1. Of the numbered conditions (1) more than 13 Å from the ligand (Cβ to nearest atom); (2) outside any helix (DSSP H, G or I); (3) exposed (fewer than 14 other Cβ atoms within 10 Å of the Cβ), Leu169 satisfies every one except a single condition; which is it?
2. What number of residues within segment 20-41 satisfy the criterion of being within 16 Å of the ligand (Cβ to nearest atom) and in a helix (DSSP H, G or I)?
3. Cβ-Cβ distance below 9 Å, separation of 6 or more or different chains: which pairs start in segment 129-157 with a residue that is outside any strand (DSSP E or B) and of a type in the set (Asp, Glu) and end on one that is at pLDDT 95 or above and within 11 Å of the ligand (Cβ to nearest atom)?
4. Which condition breaks for Arg10 when tested against (1) at pLDDT 95 or above; (2) assigned to a loop (DSSP other than H, G, I, E, B)?
Amino acid sequence: MTADAAPTIRPLTAADAQAYRTLRLAALAEAPQAFGASYEDEAARSLDMIARRLDSGPTNCVFGAFAGADLVGTAGFIIPSNAAKSRHKGLLVGVHVAPGHRGRAIGRALVTAVIDHARHHVVLLQAAVGIANAPALSLYERLGFRQYGLEKKALLVDGAYIDEALIVLDLSADA
Ligand SMILES: CC(C)(COP(=O)(O)OP(=O)(O)OC[C@H]1O[C@@H](n2cnc3c(N)ncnc32)[C@H](O)[C@@H]1OP(=O)(O)O)[C@@H](O)C(=O)NCCC(=O)NCCS
């Protein structure tokens, strides 16, 4: 596969735990403002915990983009609450493409995979994005997400607060 060939997108499994861990730690080191998790928290998770998460089933899963055999991007889906009144809402999380692979529609393909998956499980797909994160905001907007709120001081990273736009994609047929 050449560097420009379309990536393969598929759900990750426990067998991908090491590659996922390596990419995720690189993402948290490179773009700490973009994620709710910290490098230290993630580094403390054992490979077993990560493998279990990757095998948790369709309501807690991660899609990966592969260039050849290499994992170069991820996007996750979680239903945070199983309560009857909230389980129609899912979260798009952990969207990341390795720096050397950006600008080749991999982020779009990953988020599209999560949207296609989410349609079978939830009515609303929500996410939170730093208001200064222009690439991510643009990516989500082009895929139909709309802002419904603003969380001031949502994250505290290296002593600085980050405000996050709260965005949603309505997947109901009449949206
Ligand atoms: C955001 C991110 C996932 C985009 O991945 P990517 O593979 O480069 O994105 P794509 O090539 O699929 O681009 C899709 C859309 O994203 C937007 N986009 C991507 N890079 C952009 C940039 N540098 N500036 C502005 N918009 C950009 C555009 O709208 C683009 O659509 P277009 O090509 O039709 O104009 C990537 O930049 C990244 O991993 N950033 C660091 C982590 C992060 O911020 N994650 C999001 C957390 S909420």
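The values are calculated or read from the model by the stated rules, or taken from the named source; none is laboratory data. A quick note: this is a predicted structure, and the numbers were derived from the prediction, not measured. Note: ideal-geometry Cβ built from the backbone for every residue, glycine included; neighbour counts use all protein chains shown.
1. Evaluating Leu169 over (1) more than 13 Å from the ligand (Cβ to nearest atom); (2) outside any helix (DSSP H, G or I); (3) exposed (fewer than 14 other Cβ atoms within 10 Å of the Cβ) leaves (3) as the failure.
2. So the first thing to find is which residues in segment 20-41 are within 16 Å of the ligand (Cβ to nearest atom), and the list is 20, 22-39.
Then drop every residue that is not in a helix (DSSP H, G or I), which leaves 20, 22-30, 32-34, 39.
The number of residues fulfilling the criteria is 14.
3. Hits for this filter: Glu141/Ile167.
4. In the conditions (1) at pLDDT 95 or above; (2) assigned to a loop (DSSP other than H, G, I, E, B), Arg10 misses (2) alone.
Yes/no matrix, rows are residues, columns are (1) more than 15 Å from the ligand (Cβ to nearest atom); (2) closer than 20 Å to Gly36 by Cβ; (3) out of contact with any strand residue (DSSP E or B) (no Cβ under 6 Å at 6 or more places or on another chain); (4) not in a helix (DSSP H, G or I):
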| residue | (1), (2), (3), (4) |
| --- | --- |
| Ala83 | yes, no, yes, yes |
| Gly107 | no, yes, no, no |
| Thr112 | no, no, yes, no |
| Val122 | yes, yes, no, yes |
| Leu125 | no, yes, no, yes |
